[in-house]
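The values are calculated or read from the model by the stated rules, or taken from the named source; none is laboratory data. Only a predicted model underlies this, so the values are computations on that prediction, with no experimental measurement involved. Counting neighbours? That spans all protein chains shown, and the Cβs are built from the backbone with ideal geometry, glycine included. To get the accessible areas, we keep the full protein, side chains included, count just its heavy atoms, and leave off ligands, DNA and RNA. Shrake-Rupley method; radii C 1.70, N 1.55, O 1.52, S 1.80 Å.
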Amino acid sequence: MDSSRPTVSHGRTISASRALTTLVWYPMVGGRWPLIVFAHGYQVGPTPYESLLEAWAAHGYVVAAPEFPLTDQDLAGANLDENDINNQPADIRFVTDNLIASGSPVAARLDPARVCLAGHSDGAEAALAESLARPSAGEASFRALIAMSVQELPGVTHTSNPPVLITQGDADTINPPSYGSTTYQDAASPKYFVSLKGGGHLPPLQSGSPWLPGIEAVTEAFLDAYVASDAGVGSIKESVGGQTLFALSSG
């Protein structure tokens, strides 16, 4: 619960604080693991992404997915307000800082020096914005960003972005391919762009989709190279080798 900021829907204050219930997955093996903070898209909470988030945890990452109070339809109800995306970069920072704090229930499982962000759609935009913000003294910096079906942030220069992996369905009609490609073009290196051939907006990330195994493979290779630092960057290209549903660019 962030008591420093209110929850305001369509100009109406519905709470003096922001409730940020966060779902956490972690490896069954003990030790300190890198942390991924994942931001969901508009109208959905973390549920549609559970297969991917569970795969990341099984691969060796603690995964935390906050439920944003006004863009998760099940939570917001009639208060659903997409403009609340403007508050979500601060939500991401608040959740990150509280997870790695010494009193956190999962602090003993986290390596605070290996933290990254991920998100889909509006959540990817919020994660991108927070990844570009300069951390305050004592705050964790973000080693990498995974932005799925992301839209460019207007008027923002990306010279300070961390290593970024962008995934984009070439049949996405909600955030069309030009959004993801523009974000990629404007990003500083190292950067990677994965085109999902025939992929739409949310379905490629859901359980049972033909794209999901490849998304898991390429995101895990990217995470291992830039967050866990236990694999080379060559493994990113290798992860999509021979897969007909994917095309990878890098720069």
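Quick notes on this structure:
- Among the candidates Gly45, Gly77, Gly60, residue that is of a type in the set (Gly, Ala, Ser) and out of contact with any helix residue (DSSP H, G or I) (no Cβ under 9 Å at 6 or more places or on another chain): Gly77
- Region 175-187, residues that are in contact (Cβ under 8 Å) with a residue 12 or more places away in the chain and loosely packed, with under 15 Cβ neighbours inside 10 Å: Thr182
- Picking from residues in region 65-86 that are open to solvent by 30 Å² or more (accessible area, probe 1.4 Å) and acidic (Asp, Glu), the one that is nearest to the chain's Cα centre (by Cα) is Glu67.
- Filter result for Tyr42 (closer than 18 Å to Gln206 by Cβ and open to solvent by 30 Å² or more (accessible area, probe 1.4 Å)): yes
- Pro89 vs. criteria open to solvent by less than 50 Å² (accessible area, probe 1.4 Å), farther than 14 Å from Ile36 by Cα and either of a type outside the set (Gly, Ala, Ser) or not in a loop (DSSP other than H, G, I, E, B) (or both): yes
- Within region 68-86, the set of residues being closer than 21 Å to Gln151 by Cβ and part of a loop (DSSP other than H, G, I, E, B) comprises Phe68, Leu70, Thr71, Asp72, Leu80, Asp81.
- The listed residues are Val29, Val37, Val62, Val24, and the only one of them that is within 19 Å of Asn98 (Cβ to Cβ) and open to solvent by 10 Å² or more (accessible area, probe 1.4 Å) turns out to be Val24.
- Residue count for region 14-55, restricted to those that are among the aliphatic types (A, V, I, L, M), within 23 Å of Asp111 (Cα to Cα) and either more than 16 Å from the chain's Cα centre (by Cα) or not in a helix (DSSP H, G or I) (or both): 9
- Within region 110-151, the set of residues being open to solvent by 20 Å² or more (accessible area, probe 1.4 Å), in a strand (DSSP E or B) and under 11 Å from Arg93 (Cβ atoms) is empty.
- Odd one out for Ile166, checked against (1) crowded, with 23+ Cβ neighbours inside 10 Å; (2) in contact with a Pro (Cβ under 9 Å, 6 or more places away or on another chain): (2)
- Residue, farthest from Tyr184 (Cα to Cα), within region 204-251, restricted to residues that are modelled with pLDDT of 95 or more, buried (at least 17 other Cβ atoms within 10 Å of the Cβ) and in contact with an Asp or Glu (Cβ under 8 Å, 6 or more places away or on another chain): Asp224
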